[in-house]
Amino acid sequence: MLNTKLIKNVFLLLLLIPGTMLSAQTIARLTVHAGTHNRIHTPVSISLDPMTTLPGEKLRLEEISATGRHPVVFQVETGYERKLWWIVTGELKAGGTRTYELSQGIPHTAQKMVTGENNGESLVMRVNNQQVLQYNHRTVYPPKGIDTAYRRSGFIHPLWSPQGAILTSIQPKDHYHHYGFWNPWTHTLFEGKEFDFWNLARKQGTVKFNSFASVVEGPVFGSFKALQDHVIYPDSAPRTIMNELWDVRVYNIPADYFLWDFTSTLNLAAASPLTIKEYRYAGLGMRATPEWTNTNSHALTSEGKTRADADGSVARWCFINGETAKGMAGILFMSYPANYNHPEPIRMWPADANNGRGDVFFNFCPTKNTDWKLNPGNDYALKYRMLVFTGEITRETAEAAWIDFAFPPEVTIQQ
């Protein structure tokens, strides 16, 4: 009598040995290597074009393990280079590997999606119907009686926590030019004159939404690409001198936190260079919820700095969290190693800000301690990742998340 259990175990063992038992429909075996760091719920990608020209709807991805073959949800990102994306779910310990097989077949259907809903004024990104963030593409005006120079489009608010708490605020009475999660530059020099895109009351410049380049929904990630104009107000008519592309990507992570990437790519729209002058405010910033004060919130950077000494320091990452009406929540900001002036200088309000209230403001400011000259004909990209969490996280958790972002696991191909 045949020992069916033994046969099954031998078959599974053969599947795990490189170069054995590849079926006729198999395209490639993919191995994810953790390297020297523990990984958990990690997004990974690999170029699809060298493996196959088949479209995504004719592909199937399965994980091969000691317990058998398990279908894996994937997503194909199209463009100049096609990329295969999936999530390495659960924990992958340092030194470990996970094996997957890509074949011709029917994809595994996902029940959970990342979606983007545009109501004509804003675009809301959701993970499995949970609100993650809202991008405002229609101009938002300040309260009645306040100078309309404070109007603005092209910013994120609200930014929600997984339990539904709003972590950002806009147009606070102390700083009407603060817009949730936004990315303007302050002192810039263009054709011999200074222009300020941050302090709107100076009426020297602003940033405006232009159009959407794309909105993508999917089982692994959802994203949008928004074109924004950097407009100056010289003595003559308003003039767009710099183009910006926001690329925001929200991942479908099977965990109780949100994970999303933000990339800003700048390109000059004029034949003249532009210099972003050294100044304490500029670039990626967040004005936090007014619920956070110096009595119920705290911050920590990769270098061990807190609100007492973070301002002016440099960091790879920084997290801030505090109490809300829906419980403790926070956000981890991560800077990519290739960013200009990385590790990046930080602007963080001290604990006695705003007449002692201690409202929370955070800014990754690459030009806080140096100038940055942008030349025509070049793209300049700044990449960040945000992890929005409930409760609290440890320094070790923050460092591990940054390593996943900065140094993702290697994926090798066997065909």
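Placing a pseudo-label 7 Å from each Cα along the Cα-to-Cβ vector at Ala308 and Asp147 gives an inter-label distance of 3.9 nm.
Averaging Cα coordinates gives a centre for segment 108-161 and one for segment 223-238; these two points are 19 Å apart. Legend: calculated FRET efficiency, Ala255 to Arg202, from the Cβ-Cβ distance at R0 = 41 Å, rounded to 0.05, equals 0.45. For the chain, the longest principal axis of the alpha carbon atoms and the long axis of helix 4-16 meet at an angle near 50°.
Per residue, the Cα convex hull of segment 115-211 amounts to 115 Å³.
Each semi-axis of the equivalent ellipsoid for segment 343-410 is √(5λ) with λ an eigenvalue of the Cα gyration tensor; in descending order they amount to 26, 24, 9 Å. Shape of segment 182-333 from the C-alpha gyration tensor: oblate (a/c of 1.5 or more and a/b not above b/c, with a ≥ b ≥ c the square roots of its eigenvalues). On the beta carbon distance between Lys83 and Thr240, with R0 = 30 Å, the FRET formula returns roughly 0.45. Computed over segment 259-408, the P(r) tail beyond 23 angstrom holds 37 percent of alpha carbon pairs.
Expressed as a rounded percentage, what relative contact order does the chain have, with Cα pairs under 8 Å and six or more residues apart?
Here the relative contact order equals 15 percent.
For segment 108-168, a/c is not less than 1.5, where a ≥ b ≥ c are the root eigenvalues of the C-alpha gyration tensor, and a/b tops b/c. That puts it in the prolate class. Taking label points 7 Å from Cα along the Cα-to-Cβ direction, Ala271 and Ala94 give a separation of 5.6 nm.
Among the listed pairs Lys208/Lys326; Lys203/Lys277; Lys83/Lys368; Lys173/Lys193; Lys144/Lys193, those whose Cα-Cα separation exceeds 28 Å are Lys208/Lys326; Lys83/Lys368; Lys173/Lys193; Lys144/Lys193.
Panel order for His37, His177, His230, by other beta carbons found within 10 Å of each beta carbon, from fewest to most: His37, His177, His230. In the chain, the calculated helix contribution to ellipticity at 222 nm averages -2000 deg cm²/dmol per residue, counting -39,500 (n - 2.57) for every DSSP H run with n ≥ 4. The Cβ shell under 13 Å around Glu392 holds other residues with a net charge of -2, Lys and Arg each +1, Asp and Glu each -1.
Near Ala28, the amide H atoms lying under 5 Å from its own belong to Leu102; only residues 5 or more places off or on other chains count, and H is placed 1.01 Å from N. Karplus-derived 3J(HN,Hα) values for segment 372-381, using 6.51 cos²θ - 1.76 cosθ + 1.60 with θ = phi - 60°, are 9, 9, 9, 10, x, x, 10, 9, 10, 10 Hz; glycine and proline are entered as x. Size descriptors for segment 203-243, from the alpha-carbon set: Rg then Dmax equal 14.7, 49 Å. With N the number of residues in the chain, Rg(Cα) / (2.2 N^0.38 Å) evaluates to 1.08.
Sort 66-77, 122-133 by the packing proxy (mean of other Cβ within 10 Å over each peptide's residues), most packed first.
Most protected by this proxy first, the peptides run 122-133, 66-77.
With the highest mean first, a sort of the peptides 90-102, 325-337 on other beta-carbon atoms found within 10 angstrom per residue produces 325-337, 90-102. Computed from Cα positions, the angle between helix 395-406 and the longest principal axis of the chain comes to roughly 80 degrees. Pairs of C-alpha atoms in segment 27-156 farther apart than 23 Å represent 52 percent of all such pairs.
All of the numbers you see were taken from the coordinates with simple rules; none came from a lab. All figures in this text were calculated on a predicted structure; none of them were measured in a lab. Reconstructed Cβ throughout: ideal geometry from the backbone, glycine too, with neighbour counts over all protein chains shown.
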